[in-house]
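Any read-out appearing in this document is the output of simple, stated calculations on the displayed coordinates, not a laboratory observation. Note that the structure is predicted; figures quoted are calculated from it, not measured. Note: ideal-geometry Cβ built from the backbone for every residue, glycine included; neighbour counts use all protein chains shown.
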Amino acid sequence: MLVLVTGATGFVGNWVVAELLARGHGVRCLVRPGSEGKLKAADRVAVFLGDVLDEAAVNQAVQGCEAVVHLVGIIREFPRRGITFERLHVEATKNVVDAARAAGVQRYLQMSALGARPEPADPYHITNFRADEYVMASGLTYTIFRPSVIYGPEDQALNLLVRQIKAFRVVPVIGKGLYQLQPVAVWAVAQAFALALELPHTENRIYEVGGPEPLSFNAIIDSLAFEVRRRILKIRLPVWPFRLAAFLLGRFAWFSLTSGQLRMLLEGNTCDPAPFYHDFGLTPISFKDGLIRYLT
Ligand SMILES: NC(=O)c1ccc[n+]([C@@H]2O[C@H](COP(=O)([O-])OP(=O)(O)OC[C@H]3O[C@@H](n4cnc5c(N)ncnc54)[C@H](OP(=O)(O)O)[C@@H]3O)[C@@H](O)[C@H]2O)c1
């Protein structure tokens, strides 16, 4: 199939592109001008320059494609620069879906997020939910993926913790650290996106995606420290200073935590991933095995 990928220059996007190429698909990428250098397989894909919010650019990129993989999304808003959840999740998805429908695309794959739901929820989750609703009502043959945190080489979240563990050996834990996440390996996510194009029983389905088991934040830190062979000291700190700091400083790009991110972390992010592994015929990779593959 000829597949249009949005968000191909990102962490997950580069893995998805590699997997699509490995399975024999032709790949076209919609890339923002200036981001071409982040596309690892640039010499093996067709690059169309443009912004996902630019209708004309999206319409042009999708012409002649049989499938679309829409991965663009943000974890943090910068309203002054026009980077909002509303625009990058809802409007971007509308653009891509409308273009795909007009071009007669057969298969549409949407990246969403675990926890996507209507209010009451964080705007990140609400806008992902509304984007998913638009996909479902579009008449396209879709598959929607809602992953928990995705880890692998070059991920933003766990690599930050690894750097901290290696540099300081002291890790601040927000609250008791009992909130749970379900980290999933990026190569499992990428495989599933590529396989969805070949597996009719995955059509018009939503999949919650996670590693084989929920892990507390404490357990994640311990596993990371073990794999990078560092003895660490976890310091449990009350939640309120983080709340205050995120409230006061979260709008600055240099500060790494927003109020929304803190709320979502404390709320936890887990699922039953059994239908995902079953339907895609994938073997769950334990967090420990996944870390060995990407940290050593
Ligand atoms: N990573 C996770 O743990 C995780 C978990 C659940 C869901 N997700 C979802 O998975 C998707 C990919 O995540 P990721 O970690 O790979 O994110 P990422 O590394 O930040 O990549 C985001 C991608 O979106 C592109 N993009 C952003 N704004 C754009 C615009 N206006 N026009 C065109 N492209 C634009 C970026 O392009 P540039 O290179 O030009 O910036 C980049 O290719 C997102 O939707 C995210 O919400 C991720």
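Observations on the model:
- The residue list Ile232, Ile206 contains one member that is buried (at least 16 other Cβ atoms within 10 Å of the Cβ), more than 28 Å from Gly281 (Cα to Cα) and not aromatic (Phe, Trp, Tyr), which is Ile232.
- Meeting the requirement of 2 or more residues that are of a type in the set (Lys, Arg), the helices (runs of 4 or more DSSP H) wholly within the range 253-296 are 287-295.
- Restricting the range 114-134 to residues that are in contact with a His (Cβ under 7 Å, 6 or more places away or on another chain) and touching a residue at least 40 places away in the same chain (Cβ under 8 Å), the residue that is nearest to the ligand (Cβ to nearest atom) is Asn128.
- Picking from residues in the range 241-287 that are surrounded by fewer than 12 Cβ atoms within 10 Å (Cβ to Cβ) and in contact (Cβ under 8 Å) with a residue 24 or more places away in the chain, the one that is farthest from Ile144 (Cα to Cα) is Ala253.
- Subset of the range 137-170 (residues that are in a helix (DSSP H, G or I), touching a residue at least 60 places away in the same chain (Cβ under 8 Å) and either in contact with a strand residue (DSSP E or B) (Cβ under 8 Å, 6 or more places away or on another chain) or within 16 Å of the ligand (Cβ to nearest atom) (or both)): Leu158, Leu160, Leu161, Val162, Ile165
- Residue check for Phe217: under 22 Å from the mean Cα position of the chain (by Cα), aromatic (Phe, Trp, Tyr) and within 18 Å of Tyr179 (Cα to Cα): yes
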